[in-house]
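Before any comments, here is the structure.
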Amino acid sequence: MNDDISQASPVRNNPSEAPATGPLHLGVSQRWDVIDVARGVAIAAMIVYHFSWDLSFLQLIATNILQVPAWRWFARGIAGSFLLLAGIGLALAHVRGFRRLPFLRRLAKVAGAALAVTLVTFFAFPDSYIFFGILHCIAASSVLALPFLRLPPALTLLAALFFLAGPMLFTNPSLDAPYLDWLGLGSSDPRTNDYVPLFPWFGMVLIGVALGKMLLPQTGTARLARWQARNTLARILLWAGRKSLPIYLTHQLVLLALLYGVLQITGPDPRAEAKPFMDDCVATCLMQNAEPATCSSVCACTADTLRKSELWRKMLNGTTTADDRTQISRTAQQCLRRAPS
């Protein structure tokens, strides 16, 4: 996820400077638009996900997307695509030998951005700051993947399977120590807003490295390398793919600022605001052996009634008194009497 994660040098603007024929030479003489566009698609998907996450976080919608399996798989697919492209880019950039200075410049850029993300989120979300997210994983994986640039793709794919299967084979409570969380082999995930540990995610980078090395000898690679983004949508995605790091670092600031302004105008979604109360109310009701349908009806009625009084705001703020709690209990009893049997 950075400006030159995939290719060794920028596109040549002069057709007369086109590289010599052969995919091996193409891999090091120009950027591949197709890879930049693919990264642009991943960036667009990331913005869609974070926009939805922000709506949920600010309670502008009732759905908590972290509790929806489809949204979780969507997020994993986005992370996997970035890491896969990072591996492909690493293989293409160094196909004719390790290019130390470009690699170190790229590594410094990504690692520095990762550190900035950690510092900012530490102060913004101290209980769930990002200590090993997607940028941290890309930086670490870029170093760890270097030996695989010299290995046959088959061995690289075997190593990828090892990392992908690692969480199923080696997870152990003894690895729950905070200083080992970057491995991803603990029995439970740490509390953080972005968690992309080496197991299993380094496996996606290695798959990308293997694919990049297998791609170059193919006869159709020259055509793929010469493909250019020409229509408007492709050009936008191309730009986003080449500016993925600054977009990644700034898009959440823009989204949160805009949506926070919307929140000041519209207020939170009533269903989202009531959810903590509803969850607690239904759980308490079920403990009293009531029917689930009855509990949902009674708690919804109680929330609707309380929302019309000052008790609702006091309850949300956790400032209710003993008399307030008595009134809330009476409201619930009245709703229970009106509930269908």
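The values are calculated or read from the model by the stated rules, or taken from the named source; none is laboratory data. Source: prediction; values computed, not measured. Neighbour counts run over all protein chains shown; Cβ positions are idealised from the backbone, glycine included.
Of the residues 176, 181, the single one that is modelled with pLDDT of 95 or more, in the same structural domain as residue 76 (by TED's automatic domain parsing), under 28 Å from residue 115 (Cβ atoms) and of a type in the set (Asp, Glu) is 181.
When residues in the range 303-341 are screened for being in contact (Cβ under 8 Å) with a residue 40 or more places away in the chain, small (Gly, Ala, Ser) and in a helix (DSSP H, G or I), 1 of them pass.
For the range 79-95, the condition of being under 25 Å from residue 215 (Cβ atoms), in contact with a Phe, Trp or Tyr (Cβ under 6 Å, 6 or more places away or on another chain) and at pLDDT 95 or above holds for at least one residue.
Test residue 311 against the stated conditions and say whether it is surrounded by 11 or more Cβ atoms within 10 Å (Cβ to Cβ), in contact with an Asp or Glu (Cβ under 7 Å, 6 or more places away or on another chain), under 22 Å from residue 59 (Cα atoms) and of a type in the set (A, V, I, L, M, F, W, C). It is true that residue 311 is surrounded by 11 or more Cβ atoms within 10 Å (Cβ to Cβ), in contact with an Asp or Glu (Cβ under 7 Å, 6 or more places away or on another chain), under 22 Å from residue 59 (Cα atoms) and of a type in the set (A, V, I, L, M, F, W, C). Note on the range 166-190: residues that are surrounded by fewer than 18 Cβ atoms within 10 Å (Cβ to Cβ), touching a residue at least 24 places away in the same chain (Cβ under 8 Å) and aromatic (Phe, Trp, Tyr) amount to 1. Among the residues of the range 30-55, just one is under 15 Å from the mean Cα position of the chain (by Cα) and of a type in the set (S, T, N, Q), namely 52. Check the range 230-241 and report whether any residue there is without any contact (Cβ under 8 Å) to a residue 60 or more places away in the chain and of a type in the set (Val, Ile, Thr). Checked against the condition, which is being without any contact (Cβ under 8 Å) to a residue 60 or more places away in the chain and of a type in the set (Val, Ile, Thr), the range 230-241 yields at least one hit.
When we screen 148, 163, 132 for residues that are assigned by TED's automatic domain parsing to the domain that holds residue 86, crowded, with 19+ Cβ neighbours inside 10 Å and in contact with an Asp or Glu (Cβ under 7 Å, 6 or more places away or on another chain), the only hit is 132. Pairs are defined by a Cβ separation below 7 Å, a sequence spacing of at least 6 or placement on different chains, a first member in the range 242-258 that is assigned by TED's automatic domain parsing to the domain that holds residue 117 and of a type in the set (Ser, Thr, Tyr), and a second member that is modelled with pLDDT of 95 or more and buried (at least 19 other Cβ atoms within 10 Å of the Cβ); the pairs so defined are 244/39; 244/43.
Condition (residue is within 24 Å of residue 215 (Cβ to Cβ), assigned by TED's automatic domain parsing to the domain that holds residue 259, touching a helix residue (DSSP H, G or I) at 6+ places or on another chain (Cβ under 9 Å) and surrounded by fewer than 13 Cβ atoms within 10 Å (Cβ to Cβ)) applied to the range 43-64: is it met by at least one residue? No, the range 43-64 contains no residue that is within 24 Å of residue 215 (Cβ to Cβ), assigned by TED's automatic domain parsing to the domain that holds residue 259, touching a helix residue (DSSP H, G or I) at 6+ places or on another chain (Cβ under 9 Å) and surrounded by fewer than 13 Cβ atoms within 10 Å (Cβ to Cβ). Only a single item in (1) at positive phi; (2) within 33 Å of the chain's Cα centre (by Cα) is not met by residue 281, and it is number (1).
The C-beta contact set for the range 191-213 (first residue assigned by TED's automatic domain parsing to the domain that holds residue 93 and crowded, with 21+ Cβ neighbours inside 10 Å, second residue acidic (Asp, Glu) and assigned to a helix (DSSP H, G or I), distance under 9 angstrom, 6+ apart or interchain) comprises 195/181; 197/181.
The residue list 302, 331 contains one member that is surrounded by 15 or more Cβ atoms within 10 Å (Cβ to Cβ), touching a Ser or Thr at 6+ places or on another chain (Cβ under 6 Å), more than 25 Å from residue 63 (Cα to Cα) and not assigned by TED's automatic domain parsing to the domain that holds residue 121, which is 331.
Over 18 Å from residue 255 (Cβ atoms), outside any helix (DSSP H, G or I) and touching a residue at least 24 places away in the same chain (Cβ under 8 Å) - does that describe any residue in the range 71-89? No, the conditions are met nowhere in the range 71-89. Here is the figure for the range 289-341: residues that are over 38 Å from the mean Cα position of the chain (by Cα), basic (Lys, Arg) and within 18 Å of residue 274 (Cβ to Cβ) total 2. Checked against the criterion of being in contact (Cβ under 8 Å) with a residue 60 or more places away in the chain and surrounded by fewer than 20 Cβ atoms within 10 Å (Cβ to Cβ), the range 99-107 contains one or more residues that satisfy it.
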